[in-house]
Amino acid sequence: MKIALIAARIGRQPDPGTGPYPGDPANRVVALATALAELDHHVTVYARKDSPEISGRAARTPGVSVELIDAGPQEKLAADKVLPRIGAFAAELAQRWQQSPPDVAHASDWLAGLAALGGARDLGIPVVQTFRSLPAIGKHGHFPQSRNLTGQARLEAGIGRSAAAVLAGTSEDVAALVRRGLPQTAIKIVPDGTDT
């Protein structure tokens, strides 16, 4: 298959021998791409370029390419600062996918899901959305510690309803998605792998 992996950001590509997720949880996208390539899939990782030091279009693994999208300043930004730039990210994905569409787009987080859904719109590309480590919603639908996460929860619910498939890493994430209004039957648990 030709697979597009979308991430709001990826960490610097790990050096051999440093383990699957050295120092930065965003590296799990590169680790997943590598594992998929080892199964003979062709994987392109798309991420917002968040540093001028990170180069794109090259990866250390055969079958994997990394394409960095200019969408805002080339610096690490908090999610609320990335959100206004998702439209530009999605437009760039759409332009690239019109030329060379993937068989499936897999978004690694909610911001990537917004970009993937926007990029895939009108192109017939199915989007798979993975949710991990979701903030917990209280019994009455509110976040116990932060009001600014309520908008994120609504977006996550909308992304989940729009995606062709929804994956969660744990049963706790499934419960959080159900509290956001997604039907439990629409969510599949796919735990993170372990590099033995």
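Positive contributions from Lys and Arg (+1) and negative ones from Asp and Glu (-1), summed over other residues with Cβ under 15 Å from the Cβ of residue 41, come out at -2.
A cut-off under 13 angstrom between Cβ atoms defines the neighbours of residue 101, and their net charge, with Lys, Arg +1 and Asp, Glu -1, is +1. Here the gap between residue 81 and residue 190, fully extended at 0.36 nm per residue and compared with their Cα-Cα distance, gives a gain of 36.3 nm. Solvent exposure of residue 100, expressed as accessible area, is near 50 Å², computed with a probe of 1.4 Å over the protein chains only.
Given axes a ≥ b ≥ c from the Cα gyration tensor, I'd like to know whether the range 79-135 is rounded (a/c under 1.5), prolate (a/b larger than b/c) or oblate. Working shown, then result.
Values: a/c = 2.99, a/b = 1.39, b/c = 2.15.
The shape class here is oblate.
The values are calculated or read from the model by the stated rules, or taken from the named source; none is laboratory data. Predicted, not measured: the structure shown is a model, and the values here were computed from it. Quick reminder, even Gly has a Cβ in these numbers, built from the backbone with ideal geometry, and neighbours come from all protein chains shown. Side chains included, ligands, DNA and RNA excluded: accessible areas come from the protein's heavy atoms. Shrake-Rupley method; radii C 1.70, N 1.55, O 1.52, S 1.80 Å.
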